[in-house]
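Scroll down for the structure; my scribbles are underneath it.
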Amino acid sequence: MRGSGARRLWLLVLALAWLGPARGASKGPGGEAEDGEVAVEEEEEEVDEVLSDELGEEDGVLVLHEHNFARALREHRLLLVEFYAPWCGHCQALAPQFARAAAILRNESGELRLAKVDAPAQVALSDEFGITAYPTLKLFRDGNRTHPVAYTGRLDAQGIVRWMQRRAGPSAVLLRDAAAAAAFVGSQDVAVVGFFKDLRGEAARAFYELAGDLVDVAFGAAEAAELFEAYGLAADTVCLFKKFDEERADFPLDPARGLDAAELTRFIRVHSLELVMEFSSETSDRIFGAQIPHHMLLFLNKTEAAQLELRDAFREAAAAFRGEVLFVLVDVSGYGAGVLPFFGLTPADAPTLRLVKMETNRKYQMEEDAFSASAVRAFVQAVLDGKVKPRLLSAEPPEDWDTKPVKVLVGKTFEQVVFDETKNVFVKFYAPWCSHCKEMAAAWEELGERYKDHEDIVIAEMDATANELENITIRGYPTLHYYPAGPGRKMIEYKSNRDVETFSKFLENGGTLPEEPPVVPETPKNTTDTEEPSPPGTAETRDEL
């Protein structure tokens, strides 16, 4: 892909990764929510019609309310319920995927059904199940409404189907003998087998529960003494078998602590990846889903034989950092071309190396021309030790950057403008693709026009996808920072309403909003106005991509 299409591809990929946390939290002036969910306030809505306990459907999804909820639980052994709001963009994006999953599951088995509840309209159900964000998905099993299971899978049709299928039966295949174990392991690219002396013990139960969540990996369980002997084990151990790299990795259980689900999950995520991953449409989800804190990237052109030879040294260096640094090949002549703008690169820059710290999005460049294994190892270790400064992106300042009411900042000019002790500077950090940024653009321009003749007030904006700052990390779009005049490099983050009048009150009051008596509306309304996270993971952004 090239041009804007390539950039949008990379921005979509960033919903999981190199520009922020996978499924980053979405925040707004109305509240906060996790995993891309929209924060909500309580809302009551009168229902004029008297509802019966009949089970209706929309697109194969059961439509539930307080009058038919109990019946749905009685009639369906496994029922995944989406609590949604009609106005929620995330819910709207999920709807076709949810319907597709419902059709697949219904064709496969009558006991696996999907349902939905209009949560703002069904206050009693929302209160009963503690619904504070949309969409929220909960699984009800065997009619039990007191202990629903929170949905932990991907929000797409395939992810929902796999998650439900895993819960329809045992989450791990019971391997009774060596032949069965060999067949199971041989049939999978990656297979995880838990060897337990007692499959009814607490550790085994935790293993089965974990297997229900990690639906992209095949799980087996073994108890027979002959299997412990066949695989050279003396105590409870989880083994990961794979058809690449070292072929097997063991996770022995501590007899005192038992099975730590979080540690085992991380172990599986790390060791189910190849030592060096090639970035592609098939691998991107796994690369970012591994949640490894650093990514070391080798950009090369696979059409040039000399560059291909660099892969061996890169792979040799990777072994020393498994679990801490993920090594990734990016082909600039193929799928990887879409990521180049994010790093400020062009195909002509290959071969080149970059290390990315996932938490801060800081990028580090290796200056060596000869990428030997020892040089790569030394560079990675130096970054981990804090001995290398990040390489910050900056666009060139436009010639007219300071002639318009809204000043255009770039990385190179940010310090001199924002930390001018004689100025109060109000900055909007935005992304060109962000729908919320576009919605408030007119208000920001009007604000600039209103204050263009104030010598001590500067209204500015910066494209945070093309410019990076050493000590400031932008995690959501739009982000608004106010830098008051005077010494000390102070910063106040603006988190209130995004309209000209509120902006003006904030400025006139020196970076705070004056206290006003609360206004109680006659009909409380929810808000969907949230910051878009650095990765375009909100439904509105996905609609645009």
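Computed from backbone phi, the HN-Hα couplings of segment 395-404 come to 6, 7, x, x, 4, 9, 4, 10, 9, 9 Hz, rounded to whole numbers (Karplus: 6.51 cos²θ - 1.76 cosθ + 1.60, θ = phi - 60°; Gly and Pro given as x).
What segment 173-246 shows is 45 Å² of accessible area per residue, with the surface traced by a 1.4 Å probe over protein heavy atoms. Within straight-line reach of residue 387, meaning a Cα separation under 17 Å, sit the following lysines at least 8 residues removed in sequence or on another chain: 357, 363. Amide H contacts for residue 238 (H built 1.01 Å from N in the peptide plane; partners 5 or more residues away or on another chain; cut-off under 5 Å): 195, 251, 253. Taking square-rooted eigenvalues a ≥ b ≥ c of the alpha carbon gyration tensor, is segment 414-478 rounded, prolate or oblate, where a/c under 1.5 means rounded and, failing that, a/b exceeding b/c means prolate? Since a/c reaches 1.5 but b/c is at least a/b, the shape of segment 414-478 is classed as oblate. Quick one: if the Förster radius is 56 Å, what FRET efficiency do residue 374 and residue 146 give, using the C-beta to C-beta distance and rounding to 0.05? E between residue 374 and residue 146, to the nearest 0.05, is 0.40.
In whole angstrom, how far apart do the alpha carbon centroids of segment 142-161 and segment 260-302 sit? Centre-to-centre (Cα) distance: 25 Å.
Determine, for each peptide in 180-189, 354-363, 78-87, the mean count of other beta carbons within 10 angstrom over its residues, then list the peptides with the highest first.
Ranking, from highest mean packing down: 78-87, 354-363, 180-189.
Just need the relative contact order of segment 99-163 here, percent rounded to a whole number, with Cα pairs under 8 Å and 6+ apart. Relative contact order here is 31 percent.
Dimensions of segment 82-152 along the principal axes, based on C-alpha atoms and rounded to the nearest Å, stand at 33, 29, 21, largest first.
For segment 252-388, averaging the sequence separation of C-alpha pairs within contact (under 8 Å, six or more residues apart) and dividing by the residue count gives a relative contact order of 27 percent.
The values are calculated or read from the model by the stated rules, or taken from the named source; none is laboratory data. Since the model is a prediction, treat every value here as computed from it, not as a measurement. Neighbour counts run over all protein chains shown; Cβ positions are idealised from the backbone, glycine included. Heads up: the accessible areas ignore ligands, DNA and RNA and are worked out on the full protein's heavy atoms, side chains in. Shrake-Rupley method; radii C 1.70, N 1.55, O 1.52, S 1.80 Å.
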